[in-house]
Amino acid sequence: MKKTLITGITGQDGSYLAELLLAKGYEVHGIKRRASLFNTERIDHIYEDPHAAHPMLKLHYGDLTDTSNLIRILQEVQPDEVYNLGAQSHVAVSFESPEYTADVDAIGTLRLLEGIRFLGLEKKTRFYQASTSELYGLVQEIPQKETTPFYPRSPYAVAKLYAYWITVNYREAYGLYACNGILFNHESPRRGETFVTRKITRGLSNIAQGLDQCLFMGNLDALRDWGHAKDYVEMQWLMLQQDNPEDFVIATGIQYTVREFINKTAAHLGIELAWEGEGVNEFGRVVSITGENAPALKVGDIVVKIDPRYFRPAEVETLLGDPTKAKERLGWVPKITLDEMVEEMVAYDLDKAKQHGLLKSKGFRVSVGRE
Ligand code: NDP
Ligand code: GDR
């Protein structure tokens, strides 16, 4: 039986990867942070009572900023595979907390690699690093592939650049089986609520059900190559099963603007929007409603506005990946289309909005969460 250690197991990707590895018969260990409230909602359905005879999922308290803690966990688990998914993963937040982001995302990666080496695990343990299309930043080539030069545009991306190269360095210097997955944006109903796709599916669902009035957005022209997280974690596992460690771009090869994502979300709710105004004065107005998903709305309502607060000090305007290498070498192709993903995300968020609407109608206080 193989043992794996996942940092970031409580996040979007960590939860899907843990499901996948449990289904493959792995003993899965995950690092969770101490928080003042429970933070395991995404993995509660696979959580096992630690008092069970042999639980296949085990959680350890820890943090990527804590070297001795990481070394102790590595020593205890002796993992065959480590997936380093833990990160301060929000690009906009990295401008607010650049030093913390560097500590977790860059030095945290080094701490894990050095821990593997320190414990003499470099011949046993395979290492996956969650690298990112944000490395391309101000893009030097369209579409972006493994050989495209990097030009990071945020403290997050600069920290991930260090993590990318230190992973390559430990592979070359110490013969560690270490890979970078350069993953383009991937989403799901488990996506954090402040990333743009989930902010849209959740925000418009709440507005449709009368829990909120307007969605305030940043740059609607940004272009992203969006896939489904479930498809992408399969690739993370595949990368560690090859004869030789290599880095791969994972993407769909199709890009859309944020505005198009809003239109698709609205369409799944039975709403058609017209875009009026320009620049910071642009807004989205309801021009037709079909079906019964938006009882709180009427034609003419303004449901999307721009708030410059969500503009970034330096923006990544366009990202488009070329996953040819992953297709040819690993036989990987994404299975879930963008429209199927939007449908799944809207269904999930609309269901939640309806539940909250019901509670509100019975007089209970409901918080929609504000950023
Ligand atoms: P999430 O933000 O959903 O999850 C991040 C995880 O990291 C959470 O489990 C979080 O814990 C944990 N974490 C945060 N800070 C620390 C810390 N100091 N020590 C230990 N753990 C920490 O990210 P995703 O699942 O979307 O992404 C997974 C990884 O892939 C990240 O490294 C991200 O940067 C990278 N990536 C993501 C892409 C995407 O589109 N989703 C694309 C390319 C790369 P908690 O739950 O307590 O907050
Ligand atoms: P990104 O994802 O920065 O690409 O990083 P995010 O969903 O935050 O932004 C995508 C694009 O949408 C624009 N945008 C907004 N973004 C947010 N969050 N909120 C808004 O209101 C808004 N309005 C417009 C952004 O400016 C941006 O251009 C994600 C993270 O998961 C990283 O960890 C990962 O490495 C990359 O994807 C690949």
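The values are calculated or read from the model by the stated rules, or taken from the named source; none is laboratory data. Computed from a predicted structure; not experimentally measured. Cβ placement follows ideal geometry from the backbone for every residue including glycine, while neighbour counts extend to all protein chains displayed.
A few comments on the model shown:
- Residues that are under 23 Å from the mean Cα position of the chain (by Cα) and among the β-branched types (V, I, T) within the range 61-77 comprise just one, T65.
- In the range 353-371, residue surrounded by the fewest Cβ atoms within 10 Å (Cβ to Cβ) [restricted to those that are closer than 21 Å to V196 by Cβ and touching a helix residue (DSSP H, G or I) at 6+ places or on another chain (Cβ under 7 Å)]: V368
- Selection of the range 182-231 for residues being of a type in the set (D, E) and more than 13 Å from ligand 2 (Cβ to nearest atom) yields D212, D231.
- Residue satisfying all of: in the range 53-86; aliphatic (A, V, I, L, M), touching a Lys or Arg at 6+ places or on another chain (Cβ under 8 Å) and outside any helix (DSSP H, G or I); farthest from K32 (Cα to Cα) among these: V82
- L121 meets the stated requirement of being away from ligand 2 (no atom under 16 Å from the Cβ) and surrounded by fewer than 21 Cβ atoms within 10 Å (Cβ to Cβ).
- Just one of the numbered conditions (1) surrounded by fewer than 14 Cβ atoms within 10 Å (Cβ to Cβ); (2) more than 24 Å from H228 (Cβ to Cβ); (3) at pLDDT 95 or above is not true of P50: (3).
- Applying a threshold of 7 Å to beta carbon distances and a minimum spacing of six or more residues, or different chains, the list of pairs starting in the range 75-92 at a residue that is assigned by TED's automatic domain parsing to the domain that holds L113 and at pLDDT 95 or above and ending at one that is charged (D, E, K, R) and within 10 Å of ligand 2 (Cβ to nearest atom) reads L85/D13; A87/D105; Q88/D105; V91/E134; V91/R312; A92/R312.
- Test for L211: is it closer than 24 Å to W332 by Cβ and surrounded by fewer than 23 Cβ atoms within 10 Å (Cβ to Cβ): no
- Selection status of E146, more than 12 Å from ligand 2 (Cβ to nearest atom) and either without any contact (Cβ under 8 Å) to a residue 24 or more places away in the chain or aromatic (F, W, Y) (or both): no
- Taken together, V316, V258, V233, V303 contain a single residue that is within 19 Å of the chain's Cα centre (by Cα), in contact (Cβ under 8 Å) with a residue 40 or more places away in the chain and over 24 Å from S154 (Cα atoms), which is V233.
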